[in-house]
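The values are calculated or read from the model by the stated rules, or taken from the named source; none is laboratory data. These numbers were taken from a predicted model, which means no experiment stands behind them. Please note: Cβ atoms are built from the backbone with ideal geometry, for glycine as well, and neighbour counts cover all protein chains shown. For the accessible areas, the whole protein counts, side chains as well, though only heavy atoms, and no ligand, DNA or RNA atoms are used. Shrake-Rupley method; radii C 1.70, N 1.55, O 1.52, S 1.80 Å.
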Amino acid sequence: MMKTIYKELERELPIGEHKNERIVIRSRWVGSYMREKKRWTNLLFALIAIFICTLLYPQLTPHTHYENKVLVLTYHHIDEKIKSDATITPKLFEQHMKKLKKYNYNVISMDEFIAFMKDNKSVPPNAVLLTFDDGYKSFYSKAYPTLLRYGYTATNFVIVSATDMPNPKALPHLTWKDMREMKRNGMSFYSHTYDQHTLCNANEQLGTKPALITPIYKEKEKRTETEGEYQHRIKEDIQFANERLEQELNNHESLLCFPFGAYNDAVLKIGKENNIRLFFTTQEGINKARQEKVLRINAGAPNVSAEELIKKLESYDE
C-alpha cells in the first residue's frame with residue numbers, strides 16, 4: 001500500500017523536479033505510516049490489557065461476603081480413624097482452613113468477638129470465629145498445629161470435669177498444661193459446663209434428656225428433683241466451672257456453650273446472674289452485634305467437604 005501511494009505521488013511531480021523532493025515526500029509518508037501503525041499497536045495492547053484485567057479482577061480484588069456480622073463455625077473431634085458424625089480427619093480440617101483463606105474469610109479471636117457482640121466494636125469484613133466443643137485432646141495434637149500454620153485462633157469449650165478427673169475409658173481430653181501452652185499462642189478456653197454434659201433420667205420410665213435442662217429423676221428416692229434443687233444444681237455447676245477456668249487459666253470472661261445445644265429460661269436466668277456474657281447454641285445462622293445467644297454453623301461433620309463448607313458460608317452473603 002505504501003509503495004503504491006508513493007508511486008502515484010512520484011508520477012504527479014513535474015518533469016525535471018529535483019530528486020530530493022521525491023525523497024522528502026517518501027520520508028514524510030513513511031513517518032506518517034509508522035506513527036499510525038504505532039498508534040494502532042498501542043491501542044491493541046491496551047484492549048488486550050483491559051481484557052486480561054477483566055478476567056483477573058475477581059481473583060485480584062478481595063470479595064466482601066458480608067460486613068458487621070460474624071459466622072461462627074463448630075468442630076468437635078479430629079482423627080484419622082474414628083468415624084462419627086462429629087469427627088473429621090486432619091486432612092479435611094486443613095482443607096477447610098485453606099478454603100477460608102482462599103475465599104477471603106477473616107478469622108477473628110474470641111476477644112474480638114466478645115467486643116463486637118457486647119460493645120458493637122468493629123470486625124473485619126467476612127469475619128469468622130472458630131470454635132470446638134468438648135475439649136478433646138485432638139484439638140491440641142491435630143487442630144492446633146494447623147491453626148498455627150495459618151495464623152488462626154480458635155476457642156475450645158471444655159467439659160471441665162473431664163480435665164479435672166480424666167476418665168481412662170473415654171476419649172482423651174485436654175490437660176490444663178495443654179491449655180496454658182495454647183493460650184499463650186492465642187487459643188482460648190471456656191465452659192461447656194463442669195459436669196452437665198450428660199443425659200439423665202427425666203422420669204420413672206427412665207426416659208433421658210440433657211441434664212442441663214432437666215430435673216433429674218432420683219431412682220432410689222422414687223422422685224424427681226424439685227425446681228429449687230434443679231436450679232441449685234445448675235447454679236453450682238456453672239459457678240464451679242468458671243472458678244476452675246479462672247484458677248487454671250486466669251480467665252476474666254465467662255461464656256457458656258450449651259451441651260447438646262439444649263437450654264431453657266432457667267439456664268439463661270442463672271447464667272446471667274453468674275455473669276455469663278454470651279451463650280453458644282447449635283442453632284445455625286449469622287451473628288449481629290448485641291445478641292446474647294450465639295448462632296453457629298456445624299463444620300465438623302465428615303460430610304462437610306471444603307467446597308460444601310464454602311457453599312454454606314456463601315449462603316449468608318449480602
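Express in Å², to the nearest 10, the accessible area of V160 obtained by rolling a 1.4 Å probe over the protein heavy atoms while all chains stay in place.
0 Å²
Only residues of the range 261-282 count here: report those whose backbone N is under 17 Å from the spot 7 Å along Cα→Cβ of E227, or say none.
Taking a point 7 Å out along Cα→Cβ of E227, the residues of the range 261-282 whose backbone N falls under 17 Å are 264-271.
If you filter the range 170-239 for trypsin sites (Lys or Arg not before Pro), then keep DSSP loop positions with at most 12 other Cβ within 10 Å, what is left?
K220, K222
Could you pull out every one of the lysines with an alpha carbon less than 24 Å from that of K220, ignoring same-chain neighbours closer than 8 positions?
K209, K235
Excluding same-chain residues fewer than 8 positions from K38, which lysines have a Cα within less than 17 Å of its Cα?
none
In terms of solvent-accessible area of protein heavy atoms at a 1.4 angstrom probe, what is the ranking of F279, F45, highest value first?
Values: F279 0, F45 130 Å².
From most accessible down to least: F45, F279.
If amide hydrogens are placed 1.01 Å from N in the peptide plane, which non-local residues have theirs closer than 5 Å to the one on N201?
Here Y217 satisfy the definition.
Starting from the Cα gyration tensor of the chain, multiply each eigenvalue by 5, take the square root, and state the resulting semi-axes largest first in whole Å.
71, 19, 17
In whole Hz and in residue order, list the ³J(HN,Hα) couplings for the range 153-168 that follow from phi through the Karplus curve 6.51 cos²θ - 1.76 cosθ + 1.60, θ = phi - 60°; x for Gly and Pro.
Going residue by residue, I get 10, 8, 10, 10, 8, 9, 7, 4, 5, 5, 8, 5, 9, x, 9, x Hz, with x marking Gly and Pro.
Distance in nm between label sites at Q95 and E181, each 7 Å beyond Cα in the beta-carbon direction?
Distance between label points: 2.9 nm.
Please list, in order, the residues from the range 179-201 whose amide nitrogen is less than 17 Å from a point placed 7 Å along the Cα→Cβ vector of E243.
191-196
Quick check on the range 106-243: what are the equivalent-ellipsoid semi-axes from the Cα gyration tensor, as sqrt(5λ), descending, whole Å?
Those come to 34, 19, 12 Å.
List the residues, sorted by chain then number, that are 5 or more residues from N156 or on another chain and whose placed amide H is less than 5 Å from its amide H.
Those qualifying (amide H under 5 Å, at least 5 residues apart or on another chain) are F132, S188, F189, Y190.
Could you give each residue of the range 178-191 its phi-based ³J(HN,Hα) in whole Hz, using Karplus coefficients 6.51, -1.76, 1.60 with θ = phi - 60°, and x for Gly or Pro?
4, 5, 5, 4, 5, 4, 5, 10, x, 6, 9, 9, 9, 8
Using a 1.4 Å probe, how large is the accessible area of L148, given in Å² and rounded to the nearest 10?
Looks like 80 Å² after rounding.
Divide by every residue of the chain the summed helix terms, -39500 (n - 2.57) for each DSSP H run of at least 4, and state the resulting mean residue ellipticity at 222 nm, rounded to the nearest 500 deg cm²/dmol.
Roughly -14000 deg cm²/dmol at 222 nm, from the helical runs in the chain.
About the Cα centre of the chain, what is the dipole size in debye to 20, counting +1 per Lys and Arg Cβ and -1 per Asp and Glu Cβ, all else neutral? Don't skip to the end; give the middle numbers.
Numbers: 46 positive and 41 negative charges, 389 e Å.
So the magnitude is around 1860 debye.
As a test, work out the antiparallel percent of DSSP beta bridges whose residues both lie in the chain, rounded to the nearest 5.
Taking every DSSP beta bridge with both residues in the chain, the antiparallel ones total about 20 percent.
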